[in-house]
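**Q** Quick one: the structure is below, and I'll ask about it shortly.
The values are calculated or read from the model by the stated rules, or taken from the named source; none is laboratory data. None of these values were measured; they are calculated from a predicted model. As a convention, Cβ positions derive from the backbone with ideal geometry for all residues, glycine included, and neighbour counts pool all protein chains shown. With ligands, DNA and RNA removed, areas are computed over all heavy atoms of the protein, side chains included. Shrake-Rupley method; radii C 1.70, N 1.55, O 1.52, S 1.80 Å.
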Amino acid sequence: IIFGLHYMGVFRISFLNFEKRFHLENKPTGLIGSYVLGLAFAFGWTPCVGPILASVLMVAASGDSIIYGISLLTVYAAGLGIPFLIAAFAIKPFMTFISRFKKQMRKIEITIGKYFPGRKQSFSISHR
C-alpha cells in the first residue's frame, strides 16, 4: 500500500527517487566503448530483468521436457529482444511514440499505483 501511494505521488519516499548518471566528456567509441556501454546497460537492467529471468529458468528447470524449457526461454528472449529490434529499425517513429508516451507518464504512474495495493490484497487472499 505504501509503495502504491508513493508511486501515485501521494507522498514521495526520497531514497526511492534518485538515479545515478555519468556524464563523460570523451565518450569511448569502438569496440571498447560498446563493451562498456553494454556493461552499464546490463548493470542498470539487472534488477528489472533478473527476477523474471530467474523465474523463467526455475520453471524451465522444473519442467518435464527440455523442449518445454527451450520454448519458455525462447519466448522470454523474443519478448526481451523484439522491442529493441523494432526500435532499431523504426527509430524515428519510435522516438515520436516515446515523446507522446512521456506525456502520459503521470496517468500511468497513478494507474500502476492503484494496482499495487489491490495486487497485494489479491496475493494475500489467494495464498490463505
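**Q** Does G113 satisfy the condition of being in contact (Cβ under 8 Å) with a residue 60 or more places away in the chain and touching a Leu at 6+ places or on another chain (Cβ under 9 Å)?
**A** Yes.
**Q** Could you give me the residue pairs with C-beta distances under 8 Å whose first residue belongs to the range 1-12 and is touching a residue at least 40 places away in the same chain (Cβ under 8 Å) and of a type in the set (F, W, Y), whose second residue is part of a helix (DSSP H, G or I) and open to solvent by less than 100 Å² (accessible area, probe 1.4 Å) wherever it lies, and which are 6+ apart or on separate chains?
**A** Close Cβ pairs (under 8 Å, with a partner that is part of a helix (DSSP H, G or I) and open to solvent by less than 100 Å² (accessible area, probe 1.4 Å)) amount to F3/F116; Y7/E109; Y7/I112; Y7/G113; Y7/F116.
**Q** Across the range 31-85, which residue is modelled with the lowest pLDDT among those that are among the hydroxyl-bearing types (S, T, Y) and under 23 Å from E19 (Cβ atoms)?
**A** Only one residue tops the list, namely T46.
**Q** Right, next: In the range 33-45, is there at least one residue being exposed (fewer than 10 other Cβ atoms within 10 Å of the Cβ) and either β-branched (V, I, T) or assigned to a helix (DSSP H, G or I) (or both)?
**A** Within the range 33-45, one or more residues are exposed (fewer than 10 other Cβ atoms within 10 Å of the Cβ) and either β-branched (V, I, T) or assigned to a helix (DSSP H, G or I) (or both).
**Q** Filter the range 60-108 down to the residues that are polar (S, T, N, Q) and not in a helix (DSSP H, G or I), then identify the one that is least open to solvent (accessible area, probe 1.4 Å).
**A** Top of the filtered list is S65.
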